[in-house]
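Working notes, beginning with the structure itself.
The values are calculated or read from the model by the stated rules, or taken from the named source; none is laboratory data. All values derive from a computational prediction rather than experimental measurement. Heads up, the Cβs are rebuilt from the backbone with ideal geometry, glycines too, and the neighbour counts pull from every protein chain shown. What goes into the accessible areas is simple: the full protein's heavy atoms, side chains included, and nothing from ligands, DNA or RNA. Shrake-Rupley method; radii C 1.70, N 1.55, O 1.52, S 1.80 Å.
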Amino acid sequence: MPSRPHSPTIALPPTVAASLWRGDRMVRTQLASTPTGWDALDAQLPGQGWPRQSLTEVLQAQPGLLEWRLTAAALQQHSQQGKTVVAVGPPLAPHASGLAQCGLAPQQLVWVASASQQDRLWALEQLIRANACGVLLAWLPQAHPDQIRRLQISAQQFEGLVFLFRPEASQHQASAAPLRLLVRASAPWSLQLHILKRRGPAHSGVLD
């Protein structure tokens, strides 16, 4: 049997080679990010923090319990820069005094209350396109993969952070979000984080 002809290695232009990402390696290009406030998590993320111009999908068993604790450090950083934080469809009314203790000034928080999934999607899309705030937090328990894909495409032009909060059961659904986390409560007053997806090799284990 004749041997297969050897395919010569193609030398890529330096700019292309620098931006090439292999799925079994961490992204090498510099990514705009905001520190998460969790050193163990930052060490496992390509940009050493929450990615900007991108979606971060956070899954949990019960909405309204862990979101603010997880994102508190990032909210504080953006608040100190005078940027607005917008919460779209939170299951519980934001506790202004508690958020103030985390460094988020009440006047910098905008709460969009809506029970309709379609209204939340519409509001989130408009806010992303307007690029008028520092952080977007959105509760979209019933979002479809195509809707998340559309949001991810739009988020690439958004300079801040976009968090989507969804049920734990959604981990088995396809998602275009480059970063997906499963978050659970852990005593005393701490969190357990599972990285389900990142721009890099698969991660195993739990971050405390």
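Observations, loosely collected:
- Number of the exception - residue 137 against (1) surrounded by 15 or more Cβ atoms within 10 Å (Cβ to Cβ); (2) in a helix (DSSP H, G or I); (3) of a type in the set (A, V, I, L, M, F, W, C): (2)
- Residue in region 140-154 that is open to solvent by 60 Å² or more (accessible area, probe 1.4 Å), among the basic types (Lys, Arg) and modelled with pLDDT under 95 present: no
- In region 151-208, of all residues being within 16 Å of the chain's Cα centre (by Cα) and of a type in the set (Ser, Thr, Tyr), the one that is nearest to residue 120 (Cα to Cα) corresponds to 154.
Listed here are the residues, each with its yes/no results for (1) touching a strand residue (DSSP E or B) at 6+ places or on another chain (Cβ under 6 Å); (2) open to solvent by 60 Å² or more (accessible area, probe 1.4 Å); (3) under 18 Å from residue 198 (Cα atoms).
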| position | (1), (2), (3) |
| --- | --- |
| 51 | yes, no, yes |
| 59 | yes, no, yes |
| 67 | yes, no, no |
| 74 | yes, no, no |
| 81 | no, yes, no |
| 100 | no, no, no |
| 111 | yes, yes, no |
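- Boolean, residue 191 is open to solvent by less than 10 Å² (accessible area, probe 1.4 Å), at pLDDT 95 or above and in contact with a Lys or Arg (Cβ under 7 Å, 6 or more places away or on another chain): no
Listed here are the residues, each with its yes/no results for (1) in contact with a Pro (Cβ under 9 Å, 6 or more places away or on another chain); (2) open to solvent by less than 50 Å² (accessible area, probe 1.4 Å); (3) over 21 Å from residue 52 (Cα atoms); (4) not in a helix (DSSP H, G or I).
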residue: 87; (1), (2), (3), (4): yes, yes, no, yes
residue: 90; (1), (2), (3), (4): yes, yes, yes, yes
residue: 129; (1), (2), (3), (4): no, no, no, no
residue: 159; (1), (2), (3), (4): no, no, no, yes
residue: 166; (1), (2), (3), (4): yes, yes, no, yes
